[in-house]
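Data first, discussion second: the structure below is written as structure tokens.
The values are calculated or read from the model by the stated rules, or taken from the named source; none is laboratory data. Remember, predicted model here, so these are calculated numbers, not experimental data. Don't worry about glycine lacking a Cβ; one is built from the backbone with ideal geometry, like all the others, and counts go over all protein chains shown.
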Amino acid sequence: MANRQGQRLDGLPDFAIKPATTSATIEPTISSHEIAEVVEVRHDSVKPTVERLAARDVIEFPSLVEIPTATKPTTEFRIGKRDNYVIVAQLSPEFTARLVDRWQERWGWSWLLFPHW
């Protein structure tokens, strides 16, 4: 709500209420390697979980990115916020709080203020 001068009455800046809607808006993601680190499991345990949940249409099938390494390239999924919760809950429910902490470290509080679902 705004007064006649266009100033918000609640004292919050406009960006705290709604995210910018431009073509440059990118949904934050986290990698399947980061999920493995957060829940303290091997990455090769995370990938089948992601594939199984996607095959059941519980989550969207995430993009797969090739990562160069010293020996041979590896792949990882890039996963959105909602699907991260589902995957972590499937792998290890007690580590959901760590995932929330990781999102805060990476994206600050904006991901809480601007839900993308």
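Is it fair to say VAL100 is without any contact (Cβ under 8 Å) to a residue 12 or more places away in the chain, surrounded by 12 or more Cβ atoms within 10 Å (Cβ to Cβ) and among the β-branched types (Val, Ile, Thr)? Steps first, please.
Details: without any contact (Cβ under 8 Å) to a residue 12 or more places away in the chain: yes; surrounded by 12 or more Cβ atoms within 10 Å (Cβ to Cβ): yes; among the β-branched types (Val, Ile, Thr): yes.
Yes, satisfied.
Mind counting the residues in region 37-53 that are in contact (Cβ under 8 Å) with a residue 12 or more places away in the chain and of a type in the set (Asp, Glu)? Full working, then the answer.
Step one: of region 37-53, the residues in contact (Cβ under 8 Å) with a residue 12 or more places away in the chain are 38-41, 43, 45-47, 49-50, 53.
Filter once more, so that each one left must be of a type in the set (Asp, Glu): 40.
Matching residues across region 37-53 total 1.
Restricting the search to region 34-67, which residues are touching a Phe, Trp or Tyr at 6+ places or on another chain (Cβ under 9 Å) and more than 19 Å from GLU94 (Cβ to Cβ)?
Matches in region 34-67: LYS47, VAL50, GLU51, ALA54, ALA55, PHE61, PRO62, SER63, LEU64, VAL65.
Could you say which residue among PRO28, PRO48, PRO93, PRO73 is closer than 17 Å to TRP107 by Cβ and either over 12 Å from the mean Cα position of the chain (by Cα) or at pLDDT below 90 (or both)?
Details: PRO48 fails: closer than 17 Å to TRP107 by Cβ; PRO93 fails: closer than 17 Å to TRP107 by Cβ; PRO73 fails: closer than 17 Å to TRP107 by Cβ.
Only one candidate passes the filter, namely PRO28.
Cβ contacts < 8 Å: first residue more than 13 Å from VAL46 (Cβ to Cβ) and free of Cβ contacts under 8 Å to residues at least 60 places away in the same chain, restricted to region 63-76; second residue of a type in the set (Val, Ile, Thr) and surrounded by fewer than 10 Cβ atoms within 10 Å (Cβ to Cβ), any location; separation 6+ or different chain. Result?
From region 63-76, no pairs qualify.
Return the residue satisfying two criteria in turn: it lies in region 55-70 and is among the hydrophobic types (A, V, I, L, M, F, W, C) and surrounded by fewer than 17 Cβ atoms within 10 Å (Cβ to Cβ), and of such residues it is modelled with the lowest pLDDT.
Within region 55-70, the first condition is being among the hydrophobic types (A, V, I, L, M, F, W, C), and the residues that meet it are 55, 58-59, 61, 64-65, 67, 70.
Applying the additional criterion that residues be surrounded by fewer than 17 Cβ atoms within 10 Å (Cβ to Cβ) yields 55, 58, 61, 64-65, 67, 70.
Working: ALA55: 95, VAL58: 95, PHE61: 95, LEU64: 93, VAL65: 93, ILE67: 89, ALA70: 92.
Ranking the candidates gives ILE67 first.
What is the one condition in (1) closer than 19 Å to ILE26 by Cβ; (2) in a strand (DSSP E or B); (3) of a type outside the set (D, E, K, R) that PHE61 does not satisfy?
Looking at each condition in turn, PHE61 falls short on (2).
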